[in-house]
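Read the structure below first, then the notes.
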Amino acid sequence: MSFRYDFENNGFVLVKHAFDQDDLLKLEKVLRAFHRAWLEDNVEFYQQGAINSAYLTEPSYLSDEQRLVLFQFIGSPKMAGHIKALFADPLMFVGTQLFFDPFQPEQKNYWHRDIQYGKSLDQQKKALSGPKALHFRIALRDERGIELVPGSHQRWDTEDELVVRCEQEGRTNSEDLKSGVSVPLQRGDMLVFDAKMIHRGLYGGDRFAFDILLADPDPSLKEIIHKNGLP
Ligand SMILES: O=C(O)CCC(=O)C(=O)O
């Protein structure tokens, strides 16, 4: 089965060993420098539950030389090869994120769709048929990965999924879902997933993962791009 077929049906694809040590070492050095500077500036936010930072390519925490390392990775022939193997149409660069473990090891994760925030259920249903927004997650450490509900990028929640995800009827969004599939990651693996699908992060193992966000070049998504995070 091809990557494209898998992605269309499941909403995600795992590319094992997408990047090797040579690709990762220079990138990792810059990601660590960003993370150190970000932590220093966001102690409270981190201690209060943050599990990710964003906008790594902006000049806030990195020098132009360091930002160039990120852009060279994002624009590398290898990355382009992976993208083209999956998607026929061009994608637009939206931004970057870094995912790490919460400060409190007992902090619970949460099922969600990225499109749910600030939207009514009807609006979320409509958003399912909107432009594609994708995470290309590159693991820098072996980690538990993400749990995803296959196919949920193109269908609405079942009753059980909805009450859990939206914390209705006394349910909580960290409860297990029967439809969830865990995808553990090893250093160098890349998980591509549709941000619309129902998913949750799996914390532990001191995870450190770099997410490149790409999307259909739709005007509504162009609006959310921070211009100072572009090359
Ligand atoms: O890895 C995580 O903690 C959650 C990931 C996620 O929700 C996302 O990337 O949209």
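The values are calculated or read from the model by the stated rules, or taken from the named source; none is laboratory data. Fair warning: this is a prediction, and the values are worked out from it, not measured in the lab. In this analysis, Cβ positions are derived from the backbone assuming ideal geometry, glycine residues included, and neighbour counts consider all displayed protein chains.
From the list ASP206, ASP211, the one residue that fits, being modelled with pLDDT of 95 or more, touching a Phe, Trp or Tyr at 6+ places or on another chain (Cβ under 7 Å) and either under 18 Å from HIS112 (Cβ atoms) or away from the ligand (no atom under 12 Å from the Cβ) (or both), is ASP211. Among residues of segment 211-231 being part of a strand (DSSP E or B) and touching a helix residue (DSSP H, G or I) at 6+ places or on another chain (Cβ under 6 Å), the one that is nearest to LYS132 (Cα to Cα) is ALA215.
For SER76, the criteria (1) closer than 23 Å to PRO131 by Cβ; (2) small (Gly, Ala, Ser); (3) in contact (Cβ under 8 Å) with a residue 40 or more places away in the chain hold in every case but one, which is (1). Restricting attention to segment 15-27, the residues that are surrounded by fewer than 19 Cβ atoms within 10 Å (Cβ to Cβ) and in contact with a strand residue (DSSP E or B) (Cβ under 6 Å, 6 or more places away or on another chain) add up to 1. If you check ASP157, ASP176 for being modelled with pLDDT of 95 or more, more than 15 Å from the ligand (Cβ to nearest atom), within 26 Å of PHE87 (Cα to Cα) and assigned to a loop (DSSP other than H, G, I, E, B), only one passes: ASP157. Considering only residues in segment 189-203 that are among the charged types (D, E, K, R) and not in a loop (DSSP other than H, G, I, E, B), the one that is farthest from the ligand (Cβ to nearest atom) turns out to be ASP194. Answer yes if at least one residue in segment 137-154 is within 15 Å of the ligand (Cβ to nearest atom) and either farther than 30 Å from HIS35 by Cα or free of Cβ contacts under 8 Å to residues at least 40 places away in the same chain (or both), and no otherwise. Among the residues of segment 137-154, at least one is within 15 Å of the ligand (Cβ to nearest atom) and either farther than 30 Å from HIS35 by Cα or free of Cβ contacts under 8 Å to residues at least 40 places away in the same chain (or both), which makes the answer yes. Pairs are defined by a Cβ separation below 7 Å, a sequence spacing of at least 6 or placement on different chains, a first member in segment 201-226 that is in contact (Cβ under 8 Å) with a residue 24 or more places away in the chain and more than 15 Å from VAL183 (Cα to Cα), and a second member that is away from the ligand (no atom under 13 Å from the Cβ) and of a type in the set (Ser, Thr, Tyr); the pairs so defined are HIS226/TYR55. Screening ARG165, ARG200, ARG187 for residues that are over 24 Å from LEU121 (Cα atoms) and in contact with a strand residue (DSSP E or B) (Cβ under 9 Å, 6 or more places away or on another chain) leaves exactly one candidate, ARG187. Per the conditions (1) under 16 Å from ILE198 (Cα atoms); (2) over 16 Å from the mean Cα position of the chain (by Cα), the sole criterion not satisfied by TRP111 is (2). The residue pairs whose first member lies in segment 103-119 and is more than 19 Å from GLU161 (Cα to Cα), whose second member is among the charged types (D, E, K, R) and within 11 Å of the ligand (Cβ to nearest atom), and whose beta carbons are closer than 6 Å, counting only pairs six or more residues apart or on different chains, do not exist in this structure. Of all the criteria given as (1) surrounded by 15 or more Cβ atoms within 10 Å (Cβ to Cβ); (2) under 21 Å from GLY229 (Cα atoms), the one not satisfied by TRP111 is (2).
The number of residues in segment 131-170 that are surrounded by 15 or more Cβ atoms within 10 Å (Cβ to Cβ) and either among the small types (Gly, Ala, Ser) or under 16 Å from TYR110 (Cα atoms) (or both) comes to 17.
For first residues located in segment 34-55 and over 23 Å from ILE225 (Cβ atoms), partners that are part of a helix (DSSP H, G or I) and among the aromatic types (Phe, Trp, Tyr) and lie 6+ apart or on another chain with Cβ distances below 8 Å form the pairs LEU39/TYR46. The set of residues in segment 103-136 that are within 14 Å of the ligand (Cβ to nearest atom), touching a His at 6+ places or on another chain (Cβ under 8 Å) and under 14 Å from GLN154 (Cα atoms) contains only ARG113.
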